[in-house]
1. When the range 92-118 is examined, which residues are found to be over 19 Å from the mean Cα position of the chain (by Cα) and either of a type in the set (Ser, Thr, Tyr) or assigned to a strand (DSSP E or B) (or both)?
2. Would you point out the residue of the range 88-118, among those that are surrounded by fewer than 19 Cβ atoms within 10 Å (Cβ to Cβ) and of a type in the set (A, V, I, L, M), that is nearest to ALA150 (Cα to Cα)?
3. State all residues of the range 1-25 that are surrounded by fewer than 11 Cβ atoms within 10 Å (Cβ to Cβ), of a type in the set (A, V, I, L, M, F, W, C) and assigned to a loop (DSSP other than H, G, I, E, B); if no residue qualifies, say none.
4. Out of ASP117, ASP126, ASP104, report the one residue that is among the acidic types (Asp, Glu) and within 20 Å of PRO167 (Cβ to Cβ).
5. Just one of SER124, SER181, SER175 is hydroxyl-bearing (Ser, Thr, Tyr), closer than 30 Å to LYS319 by Cβ and touching an Asp or Glu at 6+ places or on another chain (Cβ under 6 Å); which is it?
6. For the condition within 27 Å of GLU280 (Cα to Cα) and more than 12 Å from the chain's Cα centre (by Cα), what is the one hit in PRO148, PRO187?
7. Return yes or no: is VAL180 surrounded by 15 or more Cβ atoms within 10 Å (Cβ to Cβ), of a type in the set (Val, Ile, Thr) and at pLDDT below 85?
8. If I filter the range 137-173 down to residues being assigned to a loop (DSSP other than H, G, I, E, B) and under 24 Å from ARG19 (Cβ atoms), which single residue comes out as modelled with the lowest pLDDT?
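The values are calculated or read from the model by the stated rules, or taken from the named source; none is laboratory data. Small disclaimer: the values here were computed from a predicted structure and weren't measured. Cβ: placed from backbone, ideal geometry, glycine included. Neighbour counts: every protein chain shown.
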Amino acid sequence: MSRLTRSRWQTWVKKWINRRIPRSDVQLLTQRNLFILPTAAGVVFCMLLLIMLITGINYQNSLIYLVTFLLGAVFVGAMHQTHRNLSDLELTLVQAGEGFAGDDILFRLRAAAGKDDAIALTLSDDDFSVRVGHVPAGQSIDIALRVPSAFRGYLRPDQIRIETRFPFGLLKAWSWMRPVSAGLVFPRPIAAPEVISAVDDGDQTASSRSPEGNDHAELRPWREGDMSQRVMWKRYARSGQMVVADWEADKGSPHWLDFDAFPGTDHELRLSYLSWLVLERGENNTRFGLNLPGQIIEPESGPAHTTRCLRALATWGEKKPRETVAQPHGTRRYSPSDRPSDATPGAPV
């Protein structure tokens, strides 16, 4: 089979599966969306049964007939048991995870068995799998499935596969879950250069400044809680004294993290810088605000504020995945022409 033919065949199969299994955060496994086929061991088993049957017919041997039909009955019984193992099982996406780009994001699912026990289940994404030993009838169990991330933005697995080969491994029954909800991937934190925002409390400007070389700064000894961007590191390297620059009010507020404070830097790198600064402020429980093109988060402090800022960085310039369009790992990105302009006026959120 040529590559082109194989690609067309895979595309057709994927479209057929997508029509048969629409996106949903709750998936009930029934005859409509359950599939079953022999495994490699099952194919060999069937071939041996066929050889035994032909041998019994050829020699008219009743004992060979008996063994053949008994083993055939075992195969049929295994087929019903394997299918029943997944029948009426309900999968629910409980929580779509959050994390940083390059990390594995946890998606929490709940498997609830129907009137029969579900035994020896395997849930898998493209890269990771989780084995579930036993879900008693009428009960549920929570499962954490890792999904790899590469870029910031929305993260949605195209398909989550659930499979069982119980009881004998001769057949495998499987289905898919295609979740609607997407997780969030924050920008990977990268240590930011020493700049300070040019945003005054209540006003927004387009310039940025470095602590070094500002003639309107007052120097004072470092105190716990001061931002690392305001420390005069060159002076510290020369003299060993850690001093901090206090800026005049008309030179920008130190409470702001500003997207425009890194001129000439790639947008994604700016977001990684801001992600690092947000984490640093969050660890120090420092009050800060976030200024992004088209979005302003007013200065606050605390874990909830830190998470809110990270989510804003993750989704800036990203479109949420639509239910009808699947992409690997769910990230949908703007084209360069669609990205918000740096000059877009922001409104407080």
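1. Looking only at the range 92-118, we keep the residues that are over 19 Å from the mean Cα position of the chain (by Cα), and these are 111-118.
Those that are over 19 Å from the mean Cα position of the chain (by Cα) and either of a type in the set (Ser, Thr, Tyr) or assigned to a strand (DSSP E or B) (or both): ALA111, ALA112, ALA118.
2. For the range 88-118, the residue satisfying everything is LEU106.
3. If the condition is that a residue be surrounded by fewer than 11 Cβ atoms within 10 Å (Cβ to Cβ), of a type in the set (A, V, I, L, M, F, W, C) and assigned to a loop (DSSP other than H, G, I, E, B), then MET1 is the only one that fits.
4. On the way: ASP126 fails: within 20 Å of PRO167 (Cβ to Cβ); ASP104 fails: within 20 Å of PRO167 (Cβ to Cβ).
Checking each option against the conditions leaves just ASP117.
5. On the way: SER124 fails: touching an Asp or Glu at 6+ places or on another chain (Cβ under 6 Å); SER175 fails: touching an Asp or Glu at 6+ places or on another chain (Cβ under 6 Å).
Among SER124, SER181, SER175, only SER181 is hydroxyl-bearing (Ser, Thr, Tyr), closer than 30 Å to LYS319 by Cβ and touching an Asp or Glu at 6+ places or on another chain (Cβ under 6 Å).
6. Values: PRO148 fails: more than 12 Å from the chain's Cα centre (by Cα).
Exactly one residue qualifies, and that residue is PRO187.
7. Numbers: surrounded by 15 or more Cβ atoms within 10 Å (Cβ to Cβ): yes; of a type in the set (Val, Ile, Thr): yes; at pLDDT below 85: no.
Criteria not met by VAL180.
8. At the first step, the residues of the range 137-173 found to be assigned to a loop (DSSP other than H, G, I, E, B) are 137-139, 149-152, 156-159, 165-170.
Going one step further and asking which of them are under 24 Å from ARG19 (Cβ atoms), we end up with 156-159.
Values: ARG156: 92, PRO157: 90, ASP158: 86, GLN159: 89.
Step by step, filter the range 137-173, then rank; the result is ASP158.
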